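To start, the structure under review is shown below, and the notes come after it.
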Ligand SMILES: [Zn+2]
């Protein structure tokens, strides 16, 4: 079996250097002795031939570029995650920095970018609005940058309700020109949103380890809808170190665990892994 992990974070801890960071890892866990090279080697031994290392922030994007630069099968995406919107002091300056990074020849996409209202507290309405505005400014900036540099765009959209999904669509329809791939990473959201996204030219949908979770019926339904509409739009990702598939849920997701998600999809949802492999090559032109 050959697999491409279209979204993972070798650039984040504990994968990068074995620093437990904010994960609960036992002291004697072998993962603390591993760095990203070890994880990449292990993943390759399990049939992962290529991976896209995605930057949720400026310093991790820089790391993604460095990682990809010296490794044939690794590619980079540079971007600023919407949850960082409040930490970026000067958004215009951040866009200039991002553009510098994005000019590296191993960069295949801008992202992850989008809207994330999941953890936003709504008790202070002014603050809520301000953060939303900042997320939008970052999102639109990154859309424009992807267009300028002729790169794909990796979207992260998440909300407990439907607002972020509908707002993201509005922004995409207004600013994105649909010349390059538009990747709905770790896809979630209401059916009307998925249907619209499916109708977009060059849209792709990334599925992660959370599709194996017992209560993930909604994500499995999205998978079936994409499969039925156009199975050439399906991609496979880990989002490692996050979203470890069953039976590893709650642990650090190691990139090689993509095998388990792939097996699950093949067995339970009749996924065509060969086709998904080709879709990944097409989506990123790698
Ligand atoms: Zn991610």
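Values in this text are rule-based calculations from the coordinates and carry no lab data. These figures come from a predicted structure and were not determined experimentally. Cβ: placed from backbone, ideal geometry, glycine included. Neighbour counts: every protein chain shown.
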Checklist entry - Most exposed first by the Cβ proxy, i.e. fewest other Cβ within 10 Å, how do 21, 284, 184 rank? => result 21, 284, 184
Next on the checklist: Can you compute the FRET efficiency between residue 125 and residue 49 using 1/(1 + (r/R0)^6), with r the Cβ-Cβ distance and R0 = 30 Å? Round to the nearest 0.05.
Outcome noted: 0.05
Checklist entry - Taking 0.36 nm per intervening residue step and subtracting the Cα-Cα distance, what contour gain separates residue 96 from residue 66 on full extension? => result 9.0 nm
Checklist entry - What whole number of Å gives the distance from the Cα centroid of the range 222-286 to the Cα centroid of the range 1-22? => result 16 Å
Checklist entry - Listing 51, 17 from the residue with the fewest other Cβ atoms within 10 Å to the one with the most, what is the order? => result 17, 51
Checklist entry - In a GNM of the chain with a 10 Å cut-off on Cα contacts, which of 201, 137, 228 has the highest mean-square fluctuation? => result 228
Checklist outcome for this item: Whole-Å distance linking the alpha carbon centroid of the range 123-167 with that of the range 72-86 is 14 Å
Item to check | Net length gained if the chain between residue 214 and residue 175 were fully extended (0.36 nm per residue, minus Cα distance) | outcome: 10.3 nm
Next on the checklist: Please state the shape class of the range 1-157: rounded when a/c is under 1.5, otherwise prolate if a/b exceeds b/c and oblate if not, all from the C-alpha gyration tensor.
Outcome noted: oblate
Item to check | Radius of gyration, Dmax [the range 3-284; alpha carbons; angstrom] | outcome: 17.6, 51
Checklist outcome for this item: Descending packing, highest mean Cβ count within 10 Å first, for 255-263, 28-36 is 255-263, 28-36
Checklist entry - Between residue 41 and residue 163, what length comes free when the chain is fully extended (0.36 nm per residue of separation minus the Cα-Cα distance, one decimal in nm)? => result 39.9 nm
Next on the checklist: Sort 185, 166 by Cβ crowding within 10 Å, fewest neighbours at the top.
Outcome noted: 166, 185
Checklist outcome for this item: Here the relative contact order (percent) of the chain, from C-alpha pairs under 8 Å and at least 6 apart, is 18 percent
